[in-house]
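Read through the structure below, which is laid out as structure tokens, and then see the notes.
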Amino acid sequence: MHNRPRISPAATAEDAAASAAKAAKLRDLQSQLLHNHQNKLYTKEAVTVSAKLLEVNPEVYTAWNYRKLAFKHSLEGVGDAEIVKSLVNEELKIVEVALRQNPKSYGAWHHRKWVLNQGLTEVDFKHEYDLLNQLLKKDPRNFHGWNYRRFVTKLKNVPEVEELKFTRAMIDINFSNYSAWHNRSALFSQLLKQKAEGFESKENILTEEYKLVCNALFTDPNDQSGWFYHLWLLDQTVTPEDPLLISSWPSQGSDCFLSTDLSSFEFSNCNYSLHMGAFPIVLYFNQAVTGVSSSTVTVNSMFLKNENLIWSPLTTAKSREARCWLTYLKISDAKFSDSNSATVEVSIGHLRGIISSSGSHYPHTSQFKFTITMKSIDRGQSEESVEKLIMWKDDQKEFDYGTANEMLLNKLSITEERERKVPKWNLETLSNEIELFKELSDENCKFVNLTLARLLTAQDAMTSPKNLPKQKGNHFVEVLKLLDELIKLDPSHAGYYEDERSLVMMNQATFDEQSIMKYYVRSSELTSTSHRLAGMRLSRLSLTRIGFVERLLWIQMLDLSHNELRSIAGLEALQHLVCLNLSNNKISSFTSLEPLKLMKYLKVLNISSNEIGSHPIDTSKYFCSSPLSHTYEAENITKAFKKGNINVGDYWEAILLFQEMNLIQLDISENKVADEAFGDLLLEVLPTLKWLDGKCEVSWVECEMFWIVRRVASCNGNLQKIR
């Protein structure tokens, strides 16, 4: 039972003997069951053995599976309805006996559902509800019982409104009934999604629910049940029901100047690389969606027919669902024969098909335009800036943001989400809840502080920066203070609070143009390169996770060093990233770096002074493919490294990561994995690598020849354009 400690009485000699006898009986019954199962024996005596075993231990899944096979076997050739009913009732009785032994047996509840789902006889709903009432009377919060109740009500076609009354009755009996609160949220979610009669609008429904849950919270602020329901109400209040496009690259009205050799383009006085004239277009939604294709997104341009564009989700998962989507315009200089400029128009949502994970469709049509203009751009300095060793600067001098590239920051995408009209009721509700919980504020109650932090964050998220009252501003400082207090007050959940704190820090750093300008740096101030690249320094902020990347789609250089990152999930959206500094974090595996595989233009990576290789057991590695699987050419890799006496099995997650990258510079020093053998492996996997751990991996002659070839090729390309 919940909140009741288990007390084991002192064992006596008689207890030990009884326990030994029970264990011996169990072993004997299990041996008989396995023999019957393997030999497909379904006699009455054999089936009785499984019943005796489940009576003692309902958690033997093999016994439940055996009974399913035996049940099907007993029905073969039976046409008498009474015999069928008798067989069904026998199975249901076996389940009830097992549930008396363990009311939370997954196997028992699953078997009962399976029997009723066969539809062989009419369900005795009175008996099923009586069983549930007995169970919930004994333990009102048994989620197995609540789950089975949802199954029975669906089977009987009981209206959700009737079940709402039952959840209310159970909550009135005990405010601490978490399962009743959870079931109530599930029922309301269905009714609101279906827009059932009386549930067309959230306002009246949620207003009453806020009152109900507040009564529970004020009755016992330290009980977590009501707080979880309040969190669900808050999510219903602030989260848009429909998917929205919140950012794009290029953004509305952008002017991109394409080099004559199609190898780069200039945007707001910064140079961006291209690969064989492939111009990227990025869409970022407020929630994960599927269905982004040439049918649901139209790109009108002179370069490529819309139907030939292929949209790809930017995610390391195998699903076709993602918040960020990417396609490439294949640009040909021949298209500029009549004009040096071309307009590209992107239209989204003109056809239904973009669907969120909750099943909501993209609600309206969105459009944005940008121009591409052919222009002579010198690429020599750009190539050299990446090919030559780049040293990250670690100085923390204050940057004069008044001199930053304001043209670039003015091109930041204004999101639909921020500019959408927020209903007055939503903002009033948040304000009322904030005032209410400030009255309840208690430094010793973690739930009050956490909910207040969530409310303040939600209020900021729903308010456009330009509409924030100047006298109040946002609540970043107040929220950070609450989260810092929570880390001290509840250290067992410090990781969660640190993640929430990191999101607040990322939000604060990217909230508006003025905020970004405090962290925006020119490449020459961030690294040793003098080339014009747009960068941000987000180091030493104690970040444990990354967020709000939709505001940073234009970033080329990013310094995230000296934080506490264990994952870089989200960075895959930064398709123009060239240089990335992740040194001095807490990254413990190459699997955590998988988003890097999706960054085609990443050339410089610093992951030094992390914890890669420090943990002997890395469970995250099992999320990526094994070199022994059919999806990977393990044989070729094994042959390549055999001569170097390298055990591929020790490094296969690193091979899977780096084989898809085109790095020129890599620093992996000060990690336990970084030994001489691993360095040799990296040079094999990364043929493009010129610098490893700050050391040049090609000779001086090779470097000079490399630069001569690059510059001659660049000159020849320009001469061809002139001719």
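Just so you know, in the stretch 95-116 the residues that are over 35 Å from the mean Cα position of the chain (by Cα) and over 19 Å from Phe71 (Cα atoms) include one that is surrounded by the most Cβ atoms within 10 Å (Cβ to Cβ), and it is Leu99. When each of Leu54, Leu33 is tested for being of a type in the set (A, V, I, L, M, F, W, C), part of a helix (DSSP H, G or I) and over 16 Å from Ala108 (Cα atoms), the lone residue that passes is Leu33. Scanning the stretch 302-328 for residues that are surrounded by fewer than 20 Cβ atoms within 10 Å (Cβ to Cβ) and among the small types (Gly, Ala, Ser) returns Ser312, Ala317, Ser319. Pairing residues of the stretch 302-328 that are without any contact (Cβ under 8 Å) to a residue 60 or more places away in the chain and aliphatic (A, V, I, L, M) with residues that are surrounded by fewer than 19 Cβ atoms within 10 Å (Cβ to Cβ) and part of a loop (DSSP other than H, G, I, E, B), at Cβ distances under 7 Å and at least 6 apart in sequence or on separate chains, gives Leu309/Ser294. Contact annotation: residue pairs with Cβ atoms under 9 Å, 6 or more positions apart or on different chains, pairing a residue in the stretch 15-43 that is exposed (fewer than 12 other Cβ atoms within 10 Å of the Cβ) with a partner that is of a type outside the set (A, V, I, L, M) and part of a helix (DSSP H, G or I), are Lys40/His73; Thr43/Asn36. Taking the stretch 74-83 as the range and being part of a helix (DSSP H, G or I) and within 21 Å of Lys40 (Cα to Cα) as the test, the residues that pass are Ser74, Leu75. Report yes if Asn57 is within 47 Å of the chain's Cα centre (by Cα) and more than 24 Å from Tyr148 (Cβ to Cβ), otherwise no. Taking the combined requirement at face value, the residue does not satisfy it.
Scanning the stretch 89-143 for residues that are of a type outside the set (Asp, Glu), within 21 Å of Ile173 (Cα to Cα) and assigned to a helix (DSSP H, G or I) yields Tyr129, Leu131, Leu132, Asn133, Gln134, Leu135, Leu136, Lys137, Lys138, Phe143.
On the phi < 0 side of the Ramachandran plot, surrounded by 14 or more Cβ atoms within 10 Å (Cβ to Cβ), modelled with pLDDT under 85 and assigned by TED's automatic domain parsing to the domain that holds Leu580: does that describe Leu409? It is false that Leu409 is on the phi < 0 side of the Ramachandran plot, surrounded by 14 or more Cβ atoms within 10 Å (Cβ to Cβ), modelled with pLDDT under 85 and assigned by TED's automatic domain parsing to the domain that holds Leu580.
Within the stretch 476-518, the set of residues being outside any helix (DSSP H, G or I), of a type outside the set (D, E, K, R) and at pLDDT 90 or above is empty. Picking from residues in the stretch 263-284 that are assigned to a loop (DSSP other than H, G, I, E, B) and polar (S, T, N, Q), the one that is farthest from Thr315 (Cα to Cα) is Asn269.
Each residue in the stretch 344-371 was checked for being closer than 15 Å to Thr296 by Cα, assigned to a strand (DSSP E or B) and of a type outside the set (A, V, I, L, M, F, W, C), and 6 pass.
With the structure loaded, tell me whether Tyr632 is at pLDDT below 90, among the hydroxyl-bearing types (Ser, Thr, Tyr) and in a helix (DSSP H, G or I) or whether it fails that test.
Spelling it out, it is not the case that Tyr632 is at pLDDT below 90, among the hydroxyl-bearing types (Ser, Thr, Tyr) and in a helix (DSSP H, G or I).
The values are calculated or read from the model by the stated rules, or taken from the named source; none is laboratory data. It should be emphasised that the depicted structure is a prediction, and the values quoted were computed from it without experimental measurement. With ideal geometry, Cβ positions are generated from the backbone for all residues, glycine too; neighbour counts draw on all protein chains shown.
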